[in-house]
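Structure, as structure tokens:
The numbers here are math on the coordinates, done by the rules we state, and not lab data. From a predicted model like this one, the values you see are computed outputs, not experimental measurements. So basically every Cβ, Gly included, is an ideal-geometry build from the backbone, and we count neighbours across all protein chains shown.
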Amino acid sequence: MNKTAKCAWLLCGVLVFWCPRGLVLQAGAFDFSTHRRITETALAGLGFDADSIALVNQGNIAVDAFDDATVPEAHFDSETFSKGSERLRDKLGGVLDSLDENDRDFALDTLGRGLHTVQDFFSHSNFVENNSVDTPIDLLNLQDPPADLVCDRATFKGGLTSGYYPDNKRPSEIKCVHAELNKDNDLTGERYSLAVAKATVETRHYVESLLKAIGTRPGWDAPRRAEMLKLLLPPGAPN
Ligand SMILES: [Zn+2]
């Protein structure tokens, strides 16, 4: 990341924390503290130091605060499951490309943007209403639901769906909107707790997928893979 970009990010970071949440969170999502708590819990022990985690959190928060706020697949809104998976694969590739260019800061920022989408899936879909925390899910290869899939507004039981956003954009009466389905805060009680728990598990899985991808990246020989891993996770970094 060049100097100008870094200055812009610093300003953005200040604005994010100063702006009233209602103005910043255009897309609706886990609040900032929830995203941060999920990430910090999931990354513990993997070798990320505090500065690295701060950059990951900055990228995560930026998804709700700036241009991506109105991109449905950045939040798995509006049943954009296949596009959301594509975004997650793209972000993993983006981290590898940034490491290849020796841009560690942008790699961590990109990782945070991917993690935001991972975490929103569990707040914005009905996965936790239909599965346990132990149920596996391949977030990198989701399919869109059929157009005639009904979202049960009373129980949210049934096939995988997510809420439409903005809330006045319900495409049909059989679909749910974000305001009905989301578990963005603890006002939704047990459903929020389940979403946080599963988001934490899958955040860790996503980072493990990244570490695996570094170890298998075509075009990188063994020394280069070791170098890239060391760039992302400097040995001896306190955690
Ligand atoms: Zn979001």
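For the reader, a short list of remarks on this structure follows.
- Alpha-carbon Rg/Rh ratio, for the stretch 27-232, with Rh computed the Kirkwood way: 0.99
- In this rough spin-label picture, where each label sits 7 Å from Cα along the Cβ direction, the residue 51-residue 185 distance is 3.5 nm.
- If R0 equals 25 Å, the separation of the Cβ atoms of residue 90 and residue 153 corresponds to a calculated FRET efficiency of about 0.15.
- The angle between the Cα long axis of helix 3-18 and the main principal axis of the chain comes to about 40°, on a 0 to 90 degree scale.
- Simple point charges give the picture: +1 on the Cβ of Lys and Arg, -1 on the Cβ of Asp and Glu, and for the chain a dipole about the Cα centre of about 300 debye.
- Here the Karplus curve 6.51 cos²θ - 1.76 cosθ + 1.60, taken at θ = phi - 60°, turns the phi angles of the stretch 63-76 into couplings of 4, 8, 9, 10, 3, 5, 4, 9, 9, x, 5, 5, 10, 6 Hz, with x standing for Gly and Pro.
- Virtual spin-label span in nm between residue 133 and residue 197, 7 Å along Cα→Cβ: 0.4
- Our coupling estimate for the stretch 46-59, obtained by passing each phi through the Karplus curve with A = 6.51, B = -1.76, C = 1.60 and θ = phi - 60°, is 8, x, 7, 7, 4, 5, 5, 5, 4, 5, 5, 5, 4, x Hz, Gly and Pro reported as x.
- 24 Å Cα-Cα threshold exceeded, pairs from 91/169; 91/175; 157/198; 183/212; 198/230; 83/169: 91/169; 91/175; 183/212; 198/230
- Shape of the stretch 87-162, Cα gyration tensor, a/c cut at 1.5: prolate
- Distance between the stretch 191-239 and the stretch 117-183 - C-alpha centres, whole angstrom: 27
- Taking amide H as placed 1.01 Å from N in the peptide plane, residue 177 has its amide H under 5 Å from the amide H of 164, each at least 5 places away in sequence or on another chain.
- In order along the stretch 122-127, the Karplus-derived 3J(HN,Hα) couplings, from 6.51 cos²θ - 1.76 cosθ + 1.60 at θ = phi - 60°, round to 7, 7, 9, 9, 9, 4 Hz, and Gly and Pro are given as x.
- Take every pair of alpha-carbon atoms less than 8 Å apart whose residues are at least six positions apart; their mean separation over the length of the chain yields a relative contact order of 25 percent.
- Between the Cα long axis of helix 81-100 and the first principal axis of the chain there is an angle of about 10°, rounded to the nearest 10.
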